[in-house]
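Below: the structure, in C-alpha cells.
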C-alpha cells in the first residue's frame with residue numbers, strides 16, 4: 001500500500017478525498033442509514049440528550065431559545081453552536097456542516113503535520129486515512145456532537161509545536177477552551193515535547209504556561225457567560241463507574257474507537273519504545289496516554305464512550321506511522 005501511494009501520488013490524494021464522503025455519509029445529520037440505526041439507541045428522527053442541547057444552543061444564538069433552556073456542561077461549549085448559527089440552513093444541519101468541515105480540515109492538517117514530523121508522502125497519506133476511516137469520525141463526527149471540531153483544534157495546537165510556532169498557542173488554547181474542555185489532553189504532550197526539543201525550549205515553556213492560562217480563562221469565561229449558575233463539575237463517583245461497567249456500549253465503543261491506530265501504536269510502544277530512535281516519539285506516547293486517561297476518568301465521572309478515545313488519535317496515528325516506518329527499515 002505504501003509503495004502504491006508513493007508511486008501514484010495523484011491517486012493517493014484522490015483516495016483520501018473520496019474517503020471523506022464515504023465515512024461521513026452514513027450518519028450525516030443523523031440519517032443513520034442501514035444497519036446503523038438499530039445500534040444508535042434512539043428512534044429514527046429523535047436525537048440524544050447532547051444533541052438536543054447543542055441544537056438549542058445553536059437556536060439560542062439565532063434568538064430562538066433562551067439560555068436557561070441549555071443545561072451545563074453543554075452550555076460551556078459555545079464555539080460550534082455559534083458558528084452553526086451563522087450559516088443559512090436549519091440549526092441541526094448547520095451544526096453538522098461545521099463538524100464536517102472540521103473533519104475535512106483535520107484530515108488535511110494531519111497530512112501536513114506528519115510530513116513536518118519527517119514522514120514521507122506515502123506515510124502522510126496513510127496517517128490521513130487511519131484518522132479518517134475510523135469509528136469516531138463515522139459515528140460521532142457528523143451526527144450532532146462538538147467533538148469533531150474539538151479534535152481539529154487539538155490537532156492545530158499540536159501543529160503549532162511541530163512547526164515551532166509556539167506564539168500561536170495562547171490563541172488556539174483559548175479556542176479549545178470554548179470548544180470542549182477535553183482539549184486539555186494536549187498539554188502533557190506540549191510540555192514533554194518542549195522539554196525534549198532542541199529549539200526554543202525557554203520560549204516554548206513560556207508559551208505553554210500562557211496557553212494553559214488562556215485555556216482556563218476560556219473555560220471560566222464560557223461558564224460565567226453561558227452557565228446556568230449551578231456550576232457543573234465532573235466529580236468521580238462509584239455510581240458512574242457501576243453504570244459504565246454494566247453498559248455493553250462502554251466496551252464496544254472503546255474497542256471500535258481504539259481501532260487500528262490504537263493497535264499499531266501499541267505494537268510500536270511494545271516493540272520499539274526502548275530504542276534510541278524512539279526518542280522523538282516520546283511526546284506522542286504521552287499524548288496517547290493522556291487521551292486514554294481521559295477515557296479512564298470518564299468511566300468514573302461521565303457517560304464513557306469512544307469520543308474520549310478520539311482525543312488520542314493525533315498521537316496514536318503518529319505512533320502508528322512510526323511502527324510502519326520501523327518495519328520498512330528493518
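The values are calculated or read from the model by the stated rules, or taken from the named source; none is laboratory data. The shown structure was predicted, so the numbers you read here are calculated from the model rather than taken from an experiment. Cβ sites come from the backbone with ideal geometry, for glycine too, and all protein chains shown count toward neighbours.
Data overview
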| read-out | value |
| --- | --- |
| Considering residues of region 217-236 that are out of contact with any helix residue (DSSP H, G or I) (no Cβ under 7 Å at 6 or more places or on another chain) and touching a residue at least 24 places away in the same chain (Cβ under 8 Å) only, the residue nearest to residue 186 (Cα to Cα) | 221 |
| Within region 139-206, helices (runs of 4 or more DSSP H) holding 3 or more residues that are modelled with pLDDT of 95 or more and within 30 Å of residue 36 (Cα to Cα) | 147-162 |
| Residue 231, sole failed condition from (1) modelled with pLDDT under 95; (2) crowded, with 18+ Cβ neighbours inside 10 Å; (3) under 21 Å from residue 146 (Cα atoms) | (2) |
| Among (1) under 18 Å from the mean Cα position of the chain (by Cα); (2) part of a helix (DSSP H, G or I) - the single one residue 222 does not satisfy | (1) |
| Single residue of region 92-107 satisfying the filter (touching a helix residue (DSSP H, G or I) at 6+ places or on another chain (Cβ under 8 Å) and without any contact (Cβ under 8 Å) to a residue 60 or more places away in the chain) that is farthest from residue 325 (Cα to Cα) | 94 |
| Checking residue 49 against (1) modelled with pLDDT of 90 or more; (2) more than 30 Å from residue 110 (Cβ to Cβ), the condition it does not meet | (1) |
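Yes/no matrix, rows are residues, columns are (1) more than 29 Å from residue 227 (Cα to Cα); (2) more than 18 Å from the chain's Cα centre (by Cα); (3) surrounded by fewer than 20 Cβ atoms within 10 Å (Cβ to Cβ); (4) without any contact (Cβ under 8 Å) to a residue 12 or more places away in the chain:
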| site | (1), (2), (3), (4) |
| --- | --- |
| 49 | no, yes, yes, yes |
| 67 | no, yes, yes, no |
| 70 | no, yes, no, no |
| 90 | no, yes, yes, yes |
| 112 | yes, no, yes, no |
| 127 | yes, no, no, no |
| 137 | no, no, no, no |
